[in-house]
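Encoded as structure tokens, the structure appears first; notes follow it.
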Amino acid sequence: MMPQLLEVWNDTVDPKHLIGGIAIGVGIAVPAYLISDQYFASRGDETLGHSYALLIGIVGCIIGAVITGVLFKPKRVITTSDSDTRNRQEILDEIVEEYGGLGDPRELRPAVQEEVRALGLFDALVENHEARAQEKGGEK
């Protein structure tokens, strides 16, 4: 049976692991702070001792976070799927209708062209541009 998951700060967590992580963090950071506060208070300047104790408490928080991260693996399940069954040309046509012409992608700077090619959109943009140019040529 799949455990019940919660969303906390835009992340998916198991409630048992969340409670365990909080317990580990508190169980390490609070004693580290209290013990170091007592230690530094007995050594002299109390104000400076509180500051050092706070730093040690923060280090305890970081140690607790690392331990929690090692013990409790992420619960995210990432799936990729094509939710839109339309082809790219149909989508580009809708964009052109809504926002206007996109221009010739061959006129873009080489770095931008490479990025568009990496996304797999360059050929679709060229086809769309040429189809729009033919439509305009046929209307005249």
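What the table below lists for this structure:
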item: Of residues in region 91-114 being surrounded by 10 or more Cβ atoms within 10 Å (Cβ to Cβ) and more than 18 Å from residue 136 (Cα to Cα), the one farthest from the chain's Cα centre (by Cα); result: 106
item: Filtered residues of region 115-130 (kept if surrounded by 14 or more Cβ atoms within 10 Å (Cβ to Cβ) and either under 33 Å from the mean Cα position of the chain (by Cα) or of a type in the set (Gly, Ala, Ser) (or both)); result: 116, 121, 122, 124, 125, 126, 128
item: So residue 22, is it of a type outside the set (S, T, N, Q), part of a helix (DSSP H, G or I) and open to solvent by 70 Å² or more (accessible area, probe 1.4 Å); result: yes
item: Residue selected from region 9-19 under the condition open to solvent by 70 Å² or more (accessible area, probe 1.4 Å) and at pLDDT below 90, by the criterion nearest to residue 64 (Cα to Cα); result: 9
item: Tabulated pairs, region 44-73, first over 15 Å from residue 25 (Cα atoms), second among the aromatic types (Phe, Trp, Tyr), C-beta under 7 angstrom, 6+ apart or interchain; result: 49/40; 52/40; 53/33; 53/40
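Conditions (1) modelled with pLDDT of 95 or more; (2) aromatic (Phe, Trp, Tyr); (3) surrounded by 12 or more Cβ atoms within 10 Å (Cβ to Cβ), marked per residue:
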| residue | (1), (2), (3) |
| --- | --- |
| 28 | yes, no, yes |
| 33 | yes, yes, yes |
| 42 | no, no, no |
| 49 | no, no, yes |
| 61 | yes, no, yes |
| 69 | no, no, no |
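The values are calculated or read from the model by the stated rules, or taken from the named source; none is laboratory data. Quantities reported herein were computed from a predicted structural model and do not represent experimental measurements. When we count neighbours, we look across all protein chains shown, and the Cβ atoms used for this are built from the backbone with ideal geometry, even at glycine. Protein only, heavy atoms only, side chains kept; ligands, DNA and RNA dropped before computing areas. Shrake-Rupley method; radii C 1.70, N 1.55, O 1.52, S 1.80 Å.
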